[in-house]
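Please find one structure pasted underneath; my questions will follow.
The values are calculated or read from the model by the stated rules, or taken from the named source; none is laboratory data. These numbers come from a predicted model, not from an experiment. Neighbour counts run over all protein chains shown; Cβ positions are idealised from the backbone, glycine included.
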Amino acid sequence: MYVNKQRAAAEFGDMEAPAAARQVEVGPPTYLPLDNMVVNLADPGGERVAQIGITLELQNAAAVDRVKQYLPTIRSSILLLVSQRTSDDLLKIEGKEKLAHDILREASDPFGGIEEDEADASENGSRRSTRKRRRGPVDQPIQRVLFSSFIVQ
């Protein structure tokens, strides 16, 4: 009976609808391609390079402007991450998946970061604290990191 009164009151504007009843409209994702990057790899002798095309999958079209404000920081973080990898790391699917996860973690930092537990942080060789970071609800505009091209020479 109480639930019905809440619902009726919400319909007539007397009371806000319960949080569980509210739905956030989410449209299709928006994609933001970054310029291709050519990076020296950490192989002995320093003769190997990677050319990587990255596209960021964003929450929605409104997120594009927010992410563009931080593109220099995001690109710098990506270059540093890739330059720490060897060609052997990047030629394996696991290495590419780990790189995508690490890029997502770094690119998410300006927006509050992503929550990462102790096992993930130590496995990924994170330079950050390995304790689980608890932050309030974060509006994270970057949803995924996609590779549009990946060449190791």
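Of the residues in the stretch 63-74, how many are loosely packed, with under 15 Cβ neighbours inside 10 Å and charged (D, E, K, R)?
The total comes to 2.
Of the conditions (1) out of contact with any Asp or Glu (no Cβ under 7 Å at 6 or more places or on another chain); (2) surrounded by fewer than 20 Cβ atoms within 10 Å (Cβ to Cβ); (3) modelled with pLDDT of 95 or more; (4) not hydrophobic (A, V, I, L, M, F, W, C), N60 clears all except one; give me its number.
(3)
Another one. Looking only at the stretch 31-46, count how many residues are of a type in the set (S, T, N, Q), part of a loop (DSSP other than H, G, I, E, B) and without any contact (Cβ under 8 Å) to a residue 60 or more places away in the chain.
Number satisfying all stated conditions: 0.
Name, by its number, the condition in (1) surrounded by 11 or more Cβ atoms within 10 Å (Cβ to Cβ); (2) modelled with pLDDT of 90 or more that does not hold for E94.
(1) is the only condition that E94 fails.
Could you list, in sequence order, all residues of the stretch 47-68 that are under 12 Å from P141 (Cα atoms) and either of a type in the set (D, E, K, R) or not in a helix (DSSP H, G or I) (or both)? First the steps, then the outcome.
Taking the stretch 47-68 as the starting set, the residues that turn out to be under 12 Å from P141 (Cα atoms) are 56-68.
Once the filter is applied, which keeps residues that are under 12 Å from P141 (Cα atoms) and either of a type in the set (D, E, K, R) or not in a helix (DSSP H, G or I) (or both), the stretch 47-68 yields L56, E57, L58, Q59, N60, A61, A62, D65, R66, K68.
Sticking with this one: Restricting attention to the stretch 97-109, which residues are surrounded by fewer than 20 Cβ atoms within 10 Å (Cβ to Cβ), in contact with a helix residue (DSSP H, G or I) (Cβ under 9 Å, 6 or more places away or on another chain) and either under 18 Å from A42 (Cα atoms) or in contact (Cβ under 8 Å) with a residue 60 or more places away in the chain (or both)?
Scanning the stretch 97-109 gives a single hit, K98.
What's the number of the only condition in (1) polar (S, T, N, Q); (2) surrounded by 16 or more Cβ atoms within 10 Å (Cβ to Cβ); (3) assigned to a strand (DSSP E or B) that S77 fails to meet?
Failed condition: (3).
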